[in-house]
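A short worksheet on the structure shown next.
The values are calculated or read from the model by the stated rules, or taken from the named source; none is laboratory data. Keep in mind it's a predicted model, so treat the numbers as computed, not measured. FYI the Cβ positions are ideal-geometry reconstructions off the backbone, even for glycines, and counts take in every protein chain you see. What goes into the accessible areas is simple: the full protein's heavy atoms, side chains included, and nothing from ligands, DNA or RNA. Shrake-Rupley method; radii C 1.70, N 1.55, O 1.52, S 1.80 Å.
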Amino acid sequence: MDDTVQIRCHRCKGTFRDKARRVQSGYSRQCPSCETILFFEESAIDKNVQRTLREAKRLRKALREEELVRITSSSTGKPFVFRRQ
């Protein structure tokens with residue numbers, strides 16, 4: 001599964017990709033085409049930023065679930081249990 005999300009710049013309308021684990025509220029990224037700084041905040045007015053944040057959140061959740069399935073299926077038939085020490 002691809003772990004990147006597509007980001008669309010509000011200034012030049014160019015698109016580029018960044019890792020979903022990075023794109024969270026409070027993250028900022030410079031557009032590689034026009035060098036405008038994009039700020040990713042939950043309260044952003046820009047629909048492209050809101051869509052990217054939603055997509056990144058959905059992708060992070062899917063990657064966590066995939067990792068859990070991989071961990072549990074690789075064990076010796078028993079479900080994986082985290083133990084506190």
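Residue pairs whose Cβ atoms lie under 6 Å apart, sitting 6 or more positions apart in sequence or on different chains, and linking a residue in the range 1-26 that is part of a strand (DSSP E or B) to a partner that is of a type in the set (G, A, S), are V5/A20; V5/A56. Scanning the range 50-73 for residues that are open to solvent by 80 Å² or more (accessible area, probe 1.4 Å) and within 8 Å of the chain's Cα centre (by Cα) gives K57, R58. Taken together, the residues in the range 25-44 that are open to solvent by 80 Å² or more (accessible area, probe 1.4 Å) and either of a type in the set (K, R) or within 19 Å of G14 (Cα to Cα) (or both) amount to 5.
Quick check: is even one residue across the range 47-55 in a loop (DSSP other than H, G, I, E, B) and touching a residue at least 24 places away in the same chain (Cβ under 8 Å)? Break it down stepwise before answering.
To start, the set of residues in the range 47-55 that are in a loop (DSSP other than H, G, I, E, B) comprises none.
Within the range 47-55, not a single residue is in a loop (DSSP other than H, G, I, E, B) and touching a residue at least 24 places away in the same chain (Cβ under 8 Å).
Among the numbered conditions (1) touching a His at 6+ places or on another chain (Cβ under 8 Å); (2) at pLDDT below 90, the only one that D46 does not meet is (2).
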